[in-house]
Amino acid sequence: MADIIKVTLGDRVFELDREKAEEGYAAKKVINGRQSMFFNILPLKYTWAYNLYKQMKNDHWEPAEVNLTQDAVAWKQLPAEAQKLVKMALGSFALSQNIFASQGIYVLRDLVTAPELKLVFGRYVHEENTRSDVLVYLYGSLGLDPLECQDLASASGHHRQVEEFAQQNISQLTRNSDTKELANKQAFARNLFLYNQCLEGTQFFSQWACLFSLASQNKLPGVGQILSKLLQDVLYRIELFNQLLKELVSENPELWTEEFQAELVDIMKQAVELEQQLISQLPVDKVGLQAEALSQYIEHLADERLSACGLARQYFHHSSPLPWLDEQIHINTGTRVAPVQTAVLDAFDDDDL
């Protein structure tokens, strides 16, 4: 008679052949593991991934849940300079999707082999649809022309610079890349870090700060609520890529050389410089912000991203230059996923399926 292991998930009990379960568990890797379908997640190894998937799913929201009637009235009373900043921010948000949701993200998803990791990646893709719906809702509620907003954002030249930065630093991986080679393992790690920590994790945040500043003055409170919800979703994605990087390094320590770490830090520094260049072009004083403080805040944000990935801080601000903004973008507010946790085969005792 086969040795059976009972896996309890919520009010359900699954009986698995112990030998096959242990074999399947051992075969799970971030990359270079056994390929299997999304629905075949037992036995779980990366419990944090499924917990994150459930958090993302449970926190699903719709933009129409936030009433923008007050914002529509307040919009007409904003000075022209403030209106232009808002339009540029929304235009940048639209254009950024071409970078943040690029084909390279889907290549990373396909190279991942553990099914629970593929599952949470699927939720990532789902949230991109919400981001698109948000733009439609904001444009419609405020009576804005989407093309005008995108033209204003394009005119600054920042979006083009961000695209060039991404193209210069991205590693050319395909679904057929041999991820057993060290160079490709580092390429996978580099792209995880670049797409999420450097691009989605720092770029355009100065413009989000402008919107939050207006919201704090009760001028566009609904827009501020929506943006805060969006950045909660961003936090989940940043945590996903951060945890993936940590697991990848744990399983492939040979990739995490001092030289490679220095390369990642340099990429983040480039991202910071890009965003600071944008700040120098924006009339942020028109919405109650100071350019110097905002520039320092981007450095503070970059240090948070670096530290979370196990990389050395570079800017060492003793405290946040804009603590009120930390709360809005969910930095050090307690709204975090659980730390990296890899399951023990016999320890399944909650609703993980």
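Any read-out appearing in this document is the output of simple, stated calculations on the displayed coordinates, not a laboratory observation. It should be emphasised that the depicted structure is a prediction, and the values quoted were computed from it without experimental measurement. Cβ placement follows ideal geometry from the backbone for every residue including glycine, while neighbour counts extend to all protein chains displayed.
Would you mind checking the tilt of helix 80-100 against the longest principal axis of the Cα atoms of the chain, expressed as 0 to 90 degrees and rounded to 10? Helix 80-100 and the main axis of the chain meet at about 20 degrees.
Which ordering of Asp11, Asp133 is given by a fewest-first count of other beta-carbon atoms within 10 Å? Mind dumping the intermediate values first?
Numbers: Asp11 6, Asp133 13.
With the fewest neighbours first, Asp11, Asp133 line up as Asp11, Asp133.
Label positions at Ser307 and Lys180, each projected 7 Å from the Cα along the C-beta direction, are separated by 4.1 nm. Taking label positions 7 Å along the Cα-Cβ direction at both Glu19 and Gln290, the computed distance is 7.1 nm, reported to one decimal.
With helices as the sole contributors, the chain gives -19500 deg cm²/dmol at 222 nm; each DSSP H run of n ≥ 4 counts as -39500 (n - 2.57), and the sum is divided by every residue.
Shape of region 47-129 from its Cα gyration tensor (a ≥ b ≥ c, root eigenvalues): rounded if a/c is under 1.5, otherwise prolate when a/b > b/c, or oblate?
Values: a/c = 4.70, a/b = 1.97, b/c = 2.39.
Oblate, because a/c is 1.5 or more while a/b does not exceed b/c.
What ranking do Leu282, Leu255, Leu245 get, fewest neighbouring Cβ atoms within 10 angstrom at the top? The most exposed by this proxy come first: Leu255, Leu282, Leu245.
Considering only Val249, His60, Leu42, and ranking their Cα positions along the charge dipole of the chain that arises from unit charges at the beta-carbon of Lys, Arg, Asp and Glu, the one farthest toward the positive end is His60.
Label sites at Ala27 and Val73, each approximated as a point 7 angstrom past Cα along Cα to Cβ, lie 6.3 nm apart.
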